Amino acid sequence: MKRVISCLSILFAAFVCAPAASRPTDAPGLGALKFLQGKWVGEGSSEAGPGGGYASFEEDLQAKVIVRRNHAEYPATQGRPVYKHDDLMVIYVDPGSKGLRAFYTDSEGHVIHYAVSISADGTAVTFLGDRDAVAPQYRLTYARLGENKMSIQLEAAKPSDAGHFQTVVEGKMQRVVATK
């Protein structure tokens with residue numbers, strides 16, 4: 001019992017006395033993504049044709065992450081049934097680099113780890129997928145077009161053609177509910 005109390009005391013002291021982690025001044029925090037927060041609806045085009053959907057960006061885990069949930073739907077065409085896509089992305093400050101990173105997974109089985117960068121003027125955010133020897137590299141960009149509007153573009157580059165991105169999905173989104 002004394003050993004458990006002693007261990008808990010050491011752990012508590014380490015927690016209380018540990019210096020607060022700080023981000024380098026040139027590394028953006030989650031606050032730089034404030035313009036993304038809220039609920040959005042949109043429409044655009046992809047390899048599957050024209051479609052629409054909705055997304056939300058919300059703080060979670062006591063404001064330590066931003067969670068994006070996304071749903072896209074493409075109507076049936078001759079020879080193809082309705083196509084639906086759902087995904088989840090968690091955006092966070094990487095404890096090692098202090099830069100922004102994101103983890104993405106979707107209903108198609110993709111798992112992507114992104115480095116996140118913000119334009120100098122703060123109006124665009126780009127998610128650049130880590131390179132992989134066998135899978136495409138993805139680049140996802142949101143650009144603010146106004147207080148409640150933004151564009152979205154998803155691009156992919158084949159592993160054999162690194163850096164040469166081709167548009168996969170592009171569209172525009174309208175905020176329908178702002179986050180406080």
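List of remarks:
- Neighbours by Cβ (under 9 Å, 6+ apart or cross-chain): first from region 69-81, within 18 Å of Val169 (Cα to Cα); second open to solvent by 70 Å² or more (accessible area, probe 1.4 Å) and not in a strand (DSSP E or B): Glu73/Val82; Tyr74/Val82; Pro75/Val82; Ala76/Val82
One line per residue, one yes/no per condition, for (1) in contact with a Leu (Cβ under 6 Å, 6 or more places away or on another chain); (2) free of Cβ contacts under 8 Å to residues at least 24 places away in the same chain; (3) not in a strand (DSSP E or B):
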{"residue": "Arg101", "(1), (2), (3)": "no, yes, no"}
{"residue": "Glu108", "(1), (2), (3)": "no, yes, yes"}
{"residue": "Ala115", "(1), (2), (3)": "yes, yes, no"}
{"residue": "Phe127", "(1), (2), (3)": "yes, no, no"}
{"residue": "Asp132", "(1), (2), (3)": "no, no, yes"}
{"residue": "Glu155", "(1), (2), (3)": "no, yes, no"}
{"residue": "Glu170", "(1), (2), (3)": "no, no, no"}
{"residue": "Val176", "(1), (2), (3)": "no, no, no"}
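- Top-ranked residue in region 157-168 [being under 17 Å from Tyr114 (Cβ atoms) and in a strand (DSSP E or B); ranked as least open to solvent (accessible area, probe 1.4 Å)]: Ala157
- Lone unmet requirement of (1) farther than 15 Å from Val177 by Cβ; (2) at pLDDT 90 or above; (3) part of a strand (DSSP E or B) for Leu33: (3)
- Among the residues listed as Gly96, Gly122, the single one being at pLDDT below 95, open to solvent by less than 40 Å² (accessible area, probe 1.4 Å), more than 19 Å from Gly53 (Cβ to Cβ) and not in a strand (DSSP E or B): Gly122
- Of the residues making up region 139-153, those that are part of a strand (DSSP E or B) and open to solvent by 40 Å² or more (accessible area, probe 1.4 Å) are Arg139, Arg144, Leu145, Lys149, Gln153.
- Residue selected from region 53-93 under the condition more than 16 Å from the chain's Cα centre (by Cα) and open to solvent by less than 30 Å² (accessible area, probe 1.4 Å), by the criterion nearest to Val176 (Cα to Cα): Gly53
- Restricting attention to region 125-180, the residues that are in contact with a helix residue (DSSP H, G or I) (Cβ under 9 Å, 6 or more places away or on another chain), among the β-branched types (Val, Ile, Thr) and at pLDDT below 95 total 2.
The values are calculated or read from the model by the stated rules, or taken from the named source; none is laboratory data. Values in this document were obtained by computation on a predicted structure and should not be read as measured data. Neighbour counts run over all protein chains shown; Cβ positions are idealised from the backbone, glycine included. Side chains included, ligands, DNA and RNA excluded: accessible areas come from the protein's heavy atoms. Shrake-Rupley method; radii C 1.70, N 1.55, O 1.52, S 1.80 Å.
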